[in-house]
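What follows is a set of notes on a single structure, which appears directly below.
The values are calculated or read from the model by the stated rules, or taken from the named source; none is laboratory data. Here the structure is a predicted model, which means the values were calculated and not measured. FYI the Cβ positions are ideal-geometry reconstructions off the backbone, even for glycines, and counts take in every protein chain you see.
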Amino acid sequence: MGRSEILSIGYEGRSQQDLLATLTSHGVTVVVDVRLNPISRKPGLSKTRLAEALAAAGIEYRHLKALGNPRTNRSPFHEGRIAEGCDEFRKLLAAPEAESALQQIVNASRHTKLAVLCFEKSHDHCHRQIVVDEVDSRESRDITYV
């Protein structure tokens, strides 16, 4: 058996239908939402509607608020100061709640194909890259960016 795989995916520019098609085509069975506040202006991509649609597709939804990027640390990602934003977010991962949430991803990804979800299309401009990298550093995973 090969290493477990984790998808890193942003819904920017995607409809709910497109997101679901992408997740199912990759065989994802659990989506971990790392948005601090899982709301969206895009129809069907806020927590409740997204969880319902995922459940209908046989995909479990988990929101891990402890892995959300606080509003105060979003401007570095939007303004091209990526390293600064990443460094600040890494500090936040030392909190007990974040440690626990990371371990939940490690544990779940041992037995299921998991996707880490946030808004930004590019993982390079999103804190989810740190989340995925941290999981990979704890237990090696194959990472797919979609």
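Details
- Looking only at residues in region 1-48 that are of a type in the set (D, E) and within 29 Å of E139 (Cβ to Cβ), the one that is surrounded by the most Cβ atoms within 10 Å (Cβ to Cβ) is D33.
For (1) of a type in the set (D, E, K, R); (2) surrounded by 14 or more Cβ atoms within 10 Å (Cβ to Cβ); (3) modelled with pLDDT under 95; (4) assigned to a strand (DSSP E or B), each residue gets a yes or a no:
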{"residue": "Q104", "(1), (2), (3), (4)": "no, yes, no, no"}
{"residue": "A108", "(1), (2), (3), (4)": "no, yes, no, no"}
{"residue": "V116", "(1), (2), (3), (4)": "no, yes, no, yes"}
{"residue": "E120", "(1), (2), (3), (4)": "yes, yes, yes, no"}
{"residue": "D124", "(1), (2), (3), (4)": "yes, no, yes, no"}
{"residue": "V135", "(1), (2), (3), (4)": "no, yes, no, no"}
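- Here G68 clears all of (1) surrounded by fewer than 19 Cβ atoms within 10 Å (Cβ to Cβ); (2) among the small types (G, A, S); (3) in contact with a His (Cβ under 9 Å, 6 or more places away or on another chain) except the condition numbered (1).
- Any hit, region 46-53, residues being within 16 Å of E12 (Cα to Cα), out of contact with any Cys (no Cβ under 9 Å at 6 or more places or on another chain) and small (G, A, S): yes
- Matching entry among R41, R49, R35 (being closer than 18 Å to Q129 by Cα and either basic (K, R) or in a helix (DSSP H, G or I) (or both)): R35
- Test result for K65, within 14 Å of the chain's Cα centre (by Cα) and either at negative phi or not aliphatic (A, V, I, L, M) (or both): yes
- Selection from region 75-96 of residues that are assigned to a helix (DSSP H, G or I) and closer than 21 Å to A115 by Cβ: F77, C86, F89
- For region 4-13, the count of residues that are modelled with pLDDT under 95 and touching a strand residue (DSSP E or B) at 6+ places or on another chain (Cβ under 6 Å) is nonzero.
- Taken together, S100, S75 contain a single residue that is more than 12 Å from the chain's Cα centre (by Cα), of a type outside the set (D, E, K, R) and at pLDDT 95 or above, which is S100.
- For region 52-93, the set of residues classified as within 16 Å of I130 (Cβ to Cβ) and hydrophobic (A, V, I, L, M, F, W, C) consists of L64, A66, L67, F77, I82, A83, C86, F89, L92, L93, listed by residue number.
- Beta carbons closer than 8 Å, at least 6 apart along the sequence or on distinct chains, pair a first residue in region 128-146 that is among the aromatic types (F, W, Y) with a second that is surrounded by 17 or more Cβ atoms within 10 Å (Cβ to Cβ) for Y145/L7; Y145/S8; Y145/I9; Y145/H123.
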